[in-house]
Amino acid sequence: MTKGLKYTLYTVLALDIVGIFLAFIFADTLNCDGFEHLRMSWLVGQGYVPYRDFFEHHNPLLWYVFAPIIKFLPHDFMLILYVSKFFSLLVSCGKFYVIYLIFRDFFKDKKLFVYFFLTVAIFYPIWYGFSFFKPDNFEYFFYFLGLYYFFKYIENNNIKSLMLCGIYFTISFLFLQTVLFEILPLVIPAAWLMYEKKLTVKNLMVAIIPSLLIIGIFAGFLFYTDSWLEYFQLNWLFNRHVFGMSSVFVDKKSIMPMFSFHLLFGIISFIWIYKEKANNKYINIIAVLYICSIIQHLYFKAFFAHYLIQTFTLCAMLVAPVLKKISVDTKYKTASIYVVLFLIVSCCLNYVTLTYNNNLDRNKQMRIVNAPDVLCLTMVGNLYAIYNPKMSYYVMQTGISAVDNALYNRYPDYNINDVIAQYQPEYIDFENLQEKTDDRFVITPETLSKYVQVHPYLWQRKDTLSQ
């Protein structure tokens, strides 16, 4: 590798790191999902039980981990915003450190991590996803820890490694149940290990005992809090139907075709590695996980780009050896020029996106609805009054809450207008394009006539305008 190329790559790497830091400060990383999980953490901290006391459709570990933090910190939106983002940023750094360990211990080349980082940072959601407050980051961290110890078991055949693998996968599941789709493909290498007699049914049964104990504790919690039925309905049956019933998603197209070139390069990279006989069993497993991740998103549409973060992470792990080869081998000099240009252009585009997709206006509105003694009713999910008292069972987007009512008729007497009449919220987070799944979630013209729109998603009660 020439000095010019080396310094150029390290400059792009440094700019990517700066970009991630700037995304932490300015990017719209606390999107509606982030507001949602802060709100749920606050409710859990107040003693409410998910599913039983308020509507949710994610596994609950994040709220219980963060509830003590949000409960005891001052009720300041900007403070809790950056504390939650920093919390998530640390977990993302932990995930990348585990990936570094995978390169060092199993790919036998820790320098590959630099090329991995250069590749994965092409994808803008990696920048803002580093610090968005969602269970996904915590799921990914524990997933890669589990994967590391799965590889460790393959290497040393030590049952302790297999136990740790199961424990970390189980913790990952308690953050987000969709990790099952990431774990399931490991059945393929596990079957191969059994065929090679490196994994026995006895070892597997012993290794899953700690995982079963953790699941047993979780199940006991659900039964003790009398929330097991709601949990099953909302986390499994509801999630099976929500994308097909909510008008928010029905007509929405998959984002994946926009990144076809990027994703195809991951496949091409593995083909090249295989032909060059540069692969090993660990690279093969990453390739299996990558292909299965693509198939998963062909079946379950990726509506937003950050849904592809895990897919692109696996892709970059396959691209890294090829990128290194192109960079250090002089016979690929021309190809290296094109690669560097692509990295530079991608970095510049990410900075442009960061400039226009910032959180400054969102934060201004969030400060308004999170002011002391202000009530804001969340309907769209763009603005959450994190510290507001619970006004009804449905405390998040009423669009998908309506799907719950359509499926289970859980609260037949529920009416959003009655909630507004009872609590008289100063603000309503509302968009005048209403979900038609259930009339109980439609604001009537009579109710809306008492409010005036002061922002694209914010309506203020008219008698408070002078305040």
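The values are calculated or read from the model by the stated rules, or taken from the named source; none is laboratory data. Note that the structure is a prediction, hence the values are computed from the model and not measured. Here the Cβ positions follow ideal geometry from the backbone for every residue, glycine too, while neighbour counts run over all protein chains shown.
Numerical summary
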item: Strands (runs of 3 or more DSSP E) wholly inside region 370-467 containing at least 2 residues that are in contact (Cβ under 8 Å) with a residue 24 or more places away in the chain; result: 376-378, 427-429, 458-461
item: Residues being outside any helix (DSSP H, G or I) and within 29 Å of the chain's Cα centre (by Cα) - total across region 1-27; result: 1
item: Residue among Leu341, Leu308 that is in a helix (DSSP H, G or I) and within 18 Å of the chain's Cα centre (by Cα); result: Leu308
item: Ile215 vs. criteria surrounded by 15 or more Cβ atoms within 10 Å (Cβ to Cβ) and among the β-branched types (Val, Ile, Thr); result: no
item: Conditions (1) among the basic types (Lys, Arg); (2) surrounded by fewer than 19 Cβ atoms within 10 Å (Cβ to Cβ); (3) farther than 17 Å from Ile214 by Cβ: number failed by Lys152; result: (2)
item: Total residues in region 12-43, condition surrounded by fewer than 17 Cβ atoms within 10 Å (Cβ to Cβ), modelled with pLDDT under 95 and among the β-branched types (Val, Ile, Thr); result: 1
item: Subset of region 44-58 [β-branched (Val, Ile, Thr) and either part of a helix (DSSP H, G or I) or surrounded by fewer than 17 Cβ atoms within 10 Å (Cβ to Cβ) (or both)]; result: Val44
item: Residues of region 59-85 satisfying the condition of being part of a loop (DSSP other than H, G, I, E, B) and at pLDDT 95 or above; result: Asn59, Pro60
item: Among the candidates Leu407, Leu375, Leu354, residue that is in contact with a His (Cβ under 8 Å, 6 or more places away or on another chain) and crowded, with 16+ Cβ neighbours inside 10 Å; result: Leu407
item: Helices (runs of 4 or more DSSP H) wholly inside region 169-221 containing at least 1 residues that are closer than 19 Å to Glu155 by Cβ and in contact (Cβ under 8 Å) with a residue 40 or more places away in the chain; result: 187-195, 201-207
item: Of residues in region 304-351 being of a type in the set (Phe, Trp, Tyr) and more than 23 Å from Val288 (Cα to Cα), the one surrounded by the fewest Cβ atoms within 10 Å (Cβ to Cβ); result: Tyr338
item: Condition met for Tyr282 (hydroxyl-bearing (Ser, Thr, Tyr), surrounded by fewer than 22 Cβ atoms within 10 Å (Cβ to Cβ), part of a helix (DSSP H, G or I) and at pLDDT below 95); result: no
item: Among (1) over 17 Å from Leu263 (Cβ atoms); (2) touching a residue at least 60 places away in the same chain (Cβ under 8 Å); (3) in contact with a helix residue (DSSP H, G or I) (Cβ under 7 Å, 6 or more places away or on another chain) - the single one Arg362 does not satisfy; result: (3)
item: Verdict on Ile326 being among the β-branched types (Val, Ile, Thr), at pLDDT 85 or above and under 30 Å from Ile273 (Cα atoms); result: yes
